[in-house]
2 protein chains.
Amino acid sequence: MYALAIHGGAGTIARAELTPALEADYRAGLQAALAAGRRLLAEGAPALAAVEAAVICLEDNPLFNAGRGAVFTHDGHHELDAALMDGASGRVGAVAGAREIQNPIRAARLVMEHTEHVLLGYPGADELARLHGLPTQPADYFFTQRRFDQLQQAIAAGRMQLDHAGSAPVVDANWKKGTVGAVARDQHGNLAAATSTGGMTNKRFSRIGDTPLPGAGTWADAEVAISCTGNGEDFMRAVAAYDVSCLMRYKGLSLAEACRVVVHDKLAPVGGEGGLIAVSAAGELALPFNSGGMYRAWCDAAGEERVAIY
Amino acid sequence: MYALAIHGGAGTIARAELTPALEADYRAGLQAALAAGRRLLAEGAPALAAVEAAVICLEDNPLFNAGRGAVFTHDGHHELDAALMDGASGRVGAVAGAREIQNPIRAARLVMEHTEHVLLGYPGADELARLHGLPTQPADYFFTQRRFDQLQQAIAAGRMQLDHAGSAPVVDANWKKGTVGAVARDQHGNLAAATSTGGMTNKRFSRIGDTPLPGAGTWADAEVAISCTGNGEDFMRAVAAYDVSCLMRYKGLSLAEACRVVVHDKLAPVGGEGGLIAVSAAGELALPFNSGGMYRAWCDAAGEERVAIY
C-alpha cells in the first residue's frame, strides 16, 4: 500500500483565463508528475525518491511556477526556493534564492545528504550544486513569454513595491503565487514531502518565502508529510506545515481535522489564501484549500487516481 | 509587572579559557544589554522595543557572535542573520546572510514594519537597509582579531567542509556557535522575541541557520516568546521555538515543562546542543540549556536581576 499527492499551486485560478486547451495541458502535467512518483512507489522505492521525482517533473514543465517555469523577479532574473524532508529520519535539505540550478529540489536533496546543513542561500546553493555536478542553466532556460508578460504587468501596476510603507498587499493569486509540491507514503510506511517554487512575480530584495523553511511550507515526520502553497508570508507566520503535525500529535486531531483547522480556521481569517497536501502514516490523504482552486492530483491507498483544479 | 531575559549564546564554554577578566567583560556586557531593555520596560514601552534594544546592545559588543563580533565565513567575510517577532500581532521580520548592516536586528524590524514580507536574504536585505537609511559598515568594522584567529584555526582543522559527504560534525561549541537573543513581557502583557547571530565560524555556501526562521530559532505569540541558541540545524529540524508554544497550547504543558521537553528530551538526544530563553504571558521565565553553559541574564516579574554563565 502506498499513497501520493501532488500540487501545482493554489490561487484564484480565473475560469475565464483557463481555456480548455490550457486546462488540458495542466491536467496532463499533473498526470505525468503523479505517474513519475507513482511508478517509484509501486516498485517499492522510498517516499523520498517518489516526491523528488514528481517535483522534478513539475519543475521541468514551464506551466508551473518552479524550475523552468519560475516567475521573474523585479530585476528580471529567477530566484528558486525548494525543500525536501524525509519523515523517517527527520532529515531535511533546502535552498533559497538559487539562480542557476535546473532542478532546485535536487539541490535540496544534495544539501540534506552531502552537508551537515539544512538551508543554503544565494550564492552558496548554486556554488554547491556546481561543485557536485548538478545541471545548471543560463538565464534563458528559465525564460517563458507568459512569465515575462506577467512581470511587465506587475511592474506597470506597481505591485510588490516592498519599499513603500503601509502599502496593502495586492491579492491576485494568478500573478503572485504558484508552487509545486508532493507528499508520499511508501510501501514501508515512511513519509516524505517536497516543495519547489519561483516565488512571487516581481519580487524584490531577495525575498524568501515559506517553501524552503522546514515547518512553514514543507514538513515530514513519522506521522504526517505536508507541502503547502499560497501566500507564503502567512504560512510562515503560522508555521503552517508543522502546525498540522502538532495538532495531530499533541492534540490528537485526525489528519483531515488538523488540516482543516490550519487552512480554514487559522490561515483563511488572516488572508492566508492557499492550501496544502498531506499524507498520514496510515496512507490517508488530505488536500484542503481556501482559494478558488488548487492544481492537484493524487493516488490514494486503494490505488484510485484523480486530477482536479477547482 | 514586566519580565526580560537575554542570552549571549550557549556552548561548552571551557572554564580554562574563560579568564576572570574575560568573564567580567561578558558579565558586564550582559548586564548592559539587560539594563537597556529593562529601562524601556520600566517606562511602559512595548516588549518589541525592549528586545530590540537589548539585542542592539549585544550586537554592538564585539564579545558576542552577532553584529560587530560576528564570526568569519570561510571566504573571510560576515553573514548576519536576525529575526524579531511581536507576539501581540504575530508579525515577524528577519534577514539572512546580510553583510553590511551594522545592526541586523534593526533590519529585521524594517522587514516587519515596512514590507509585506517576513524574510529577506542576500543581497536584498542589505539593499533594503541602505534604501531606508539604516547604518551599514565596511568589512573592517566586523573585524576582531579573536574571530579571525578562530577562522584560521577552523580552516587549519578542516572544519565546516560541507562538500565532503559523510563527514561527522565537529562538536566544539566555542568556535561553532554563538548567538544573542532577548525575550520580554511588557507591562501591557504583550510578548516579543529577538535573535541575532553571525552563525558558524568558517561557514560556507551561504548557510542559513535557525535564528532568522520563525518557529525555529525565534518565536512569539500571545502566550509565549522564545529565542534559541545552539546547533542551528538541530533546532531547525525540531522547529524548536514553535514546538514550545505548541506543547503549551495544544498539550497544556507549563512553560517550564514545555521548555524542558524541547531542550532535554528532544534536542539533547539528537546532538542538539544549546538552550533557549522563554517568557510567558504571566511573566514566568525559563532559561534551560543542555550544554556546558549559556551566557544569560534576566529580570523576573518580581524585579530580581541575575547574570549567569554556567
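The values are calculated or read from the model by the stated rules, or taken from the named source; none is laboratory data. Predicted model, so just to flag it, every value in this text is computed and none were measured. Quick reminder, even Gly has a Cβ in these numbers, built from the backbone with ideal geometry, and neighbours come from all protein chains shown. Protein only, heavy atoms only, side chains kept; ligands, DNA and RNA dropped before computing areas. Shrake-Rupley method; radii C 1.70, N 1.55, O 1.52, S 1.80 Å.
The table below gives the values:
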| read-out | value |
| --- | --- |
| Sulfur and carbon atoms: percent of accessible area, the protein assembly as shown [1.4 Å] | 50 |
| Table column - 3J(HN,Hα) (Hz), region B:124-133, Karplus curve with 6.51, -1.76, 1.60, x for Gly and Pro | x, 4, 5, 4, 4, 4, 4, 4, 9, x |
| Label point 7 Å beyond Cα along the C-beta direction, distances from A:Gln145 to other copies (nm, shortest first) | 6.5 |
| Computed label-point distance, nm, for sites A:Ala301 and B:Asp265 using a 7 Å Cα→Cβ extension | 2.7 |
| Cβ-Cβ FRET estimate between A:His188 and A:Asp25, R0 fixed at 30 Å, reported to 0.05 | 0.30 |
| Pseudo-label separations to other copies for B:Ser89 - Cα-to-Cβ vector, 7 Å, nm | 4.2 |
| Estimated 222 nm signal from helices in chain B, with DSSP H stretches of n ≥ 4 weighted -39500 (n - 2.57), rounded to 500 | -9000 deg cm²/dmol |
| Where no second cysteine Cβ lies under 4.7 Å, the cysteines concerned in the protein assembly as shown | A:Cys57, A:Cys228, A:Cys259, A:Cys299, B:Cys57, B:Cys228, B:Cys259, B:Cys299 |
| Buried accessible area, chains B and A (both chains, 1.4 Å probe, Å² to nearest 100) | 4200 |
| Shape call, region A:181-310: gyration tensor on alpha carbons, a/c limit 1.5 | prolate |
| Where region B:208-300 is the region considered: accessible area per residue in Å², 1.4 Å probe | 24 |
| Pairwise FRET efficiency - A:Ala281 versus A:Leu18, Cβ, R0 = 45 Å, nearest 0.05 | 0.80 |
| Å² of accessible area per residue within region A:1-151, as computed with a 1.4 Å probe and no ligands counted | 34 |
| Nitroxide proxy distance, nm - points 7 Å out along Cα→Cβ at A:Tyr310 and A:Ala42 | 3.1 |
| Vicinal HN-Hα couplings computed from phi for region A:198-208 (Karplus, 6.51 cos²θ - 1.76 cosθ + 1.60; Hz; Gly/Pro x) | x, x, 9, 4, 6, 5, 10, 6, 6, 4, 10 |
| Candidates per trypsin sites (Lys or Arg not before Pro) in region A:1-60, loop by DSSP, up to 10 other Cβ within 10 Å | none |
| Length released on extending from A:Asp149 to A:Arg130, taking residue separation times 0.36 nm less the Cα-Cα span | 3.8 nm |
| DSSP loop GluC sites (Glu not before Pro) with at most 14 other Cβ within 10 Å: longest gap in chain A | A:44-303 |
| Pairwise FRET efficiency - B:Glu223 versus B:Ala32, Cβ, R0 = 45 Å, nearest 0.05 | 0.95 |
